[in-house]
């Protein structure tokens, strides 16, 4: 890769002089990434899923798009490496069973070594930590949100790893294995997640944006704000115009790649799924 690939990406992050690798620089880059590049699946919903090549993801971020963990952490890893950071990719899993030791490979996460310290780094959870966490067992708090890192024991031939636990995230547990991974290790799973009818990314439209005080979540037509100090609020979006106002405004996702037909198709899909969800609750 050439450094020019990342110019638009760094501009999107608002970073003009990243400097040499440092803990301060790493923290600033993760904060900016979470605040300015949304976790989103618009292109998957429209039936044109982007690949997970890190160079492609970096160019998409520079053009105002987002993605899910394979895009977000894949592109972020490539950016960090271009800046001289020592980055390792890992197979992970986002789990709704807080006791599970499984991994599965449904999540890409990162560790980054700066000097003598290794940090757990993740820009692809949506509502995960706002800043990196030191990779050592312990409890942590960021802006009122609670996290814990625990060692993960081997399971069924898989080596040891780590678990991130948090009652404040949408999934209470994230596991990953110590062994390094490559982009190729996620290609098969990405094909399923981005195209299969029973994939959560195909079934449900979702966006996340994290900041220092909390997280914004758009799931279908329901916009939720999660704030550690002020609590959680939610409202139902009224129509197509409001949907795209929120996508562009709250989540900062540029809309210039979406034609009028794309907008109509996305709204119709979101509204239809919302109706099914309402029916399931009654």
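Using helices alone, I'd like the mean residue ellipticity at 222 nm for the chain: each DSSP H run of four-plus residues gives -39500 (n - 2.57), total over residue count, nearest 500.
Calculated at 222 nm, the ellipticity per residue is -10000 deg cm²/dmol.
Would you mind getting the Kirkwood hydrodynamic radius of the chain from its Cα pairs, rounded to one decimal in Å?
19.2
Compute the Cα gyration tensor for the range 63-105, then decide on rounded, prolate or oblate, letting a ≥ b ≥ c be the square roots of its eigenvalues: rounded whenever a/c is under 1.5, prolate when a/b is larger than b/c in the other cases, and oblate in all that remain.
Numbers: a/c = 3.91, a/b = 1.71, b/c = 2.29.
It comes out oblate by the Cα gyration axes.
Measuring from centroid to centroid over Cα atoms, what is the spacing of the range 176-236 and the range 64-136 in Å?
14
Expressed as a rounded percentage, what relative contact order does the range 169-282 have, with Cα pairs under 8 Å and six or more residues apart? List each step's numbers first, then the result.
Working: 96 pairs, mean separation 17.9, N = 114.
Reported relative contact order: 16 percent.
Highest mean first, how do 230-236, 46-52 rank when packing is the count of other Cβ atoms within 10 Å averaged over residues?
46-52, 230-236
With the crude spin-label approximation of a point 7 Å out along Cα→Cβ, what separation in nm comes out for residue 264 versus residue 213?
3.9
Can you work out the PRE-style zone for residue 276? Point 7 Å along Cα to Cβ, and I want the residues of the range 194-216 with backbone N under 18 Å.
194-207
In nanometres, what is the gap between the two model label sites at residue 102 and residue 257, each 7 Å from Cα along Cα-to-Cβ?
It is 3.2 nm.
If I stretch the segment between residue 155 and residue 179 completely, what's the gain in nm (0.36 nm per residue apart, minus their alpha carbon distance), one decimal?
Extra length from residue 155 to residue 179 when fully extended: 7.3 nm.
Could I get the Rg over Rh figure for the range 24-142? Both from C-alpha atoms, Rh via Kirkwood, rounded to two places. Provide the component values of the computation, followed by the final result.
On the way: Rg = 14.3 Å, Rh = 14.9 Å.
Across the range 24-142, the Cα-based Rg/Rh ratio is 0.96.
Could you work out the relative contact order of the chain? I mean the mean sequence separation of Cα pairs under 8 Å and 6+ apart, divided by the number of residues, in percent.
Contact order relative to length: 18 percent.
Residues of the range 114-128 with the amide nitrogen closer than 19 Å to a label point 7 Å from the Cα of residue 222, along Cα-to-Cβ, please.
126-128
What number does the range 190-281 give for Rg over Rh if you use C-alpha atoms and the Kirkwood radius? Don't skip to the answer; put the middle values down first.
Details: Rg = 14.0 Å, Rh = 14.3 Å.
A ratio of 0.98.
Coordinate-derived values only; no laboratory data. If you're wondering where the values come from, they're calculated on a predicted model, not measured in any experiment. Counting neighbours? That spans all protein chains shown, and the Cβs are built from the backbone with ideal geometry, glycine included.
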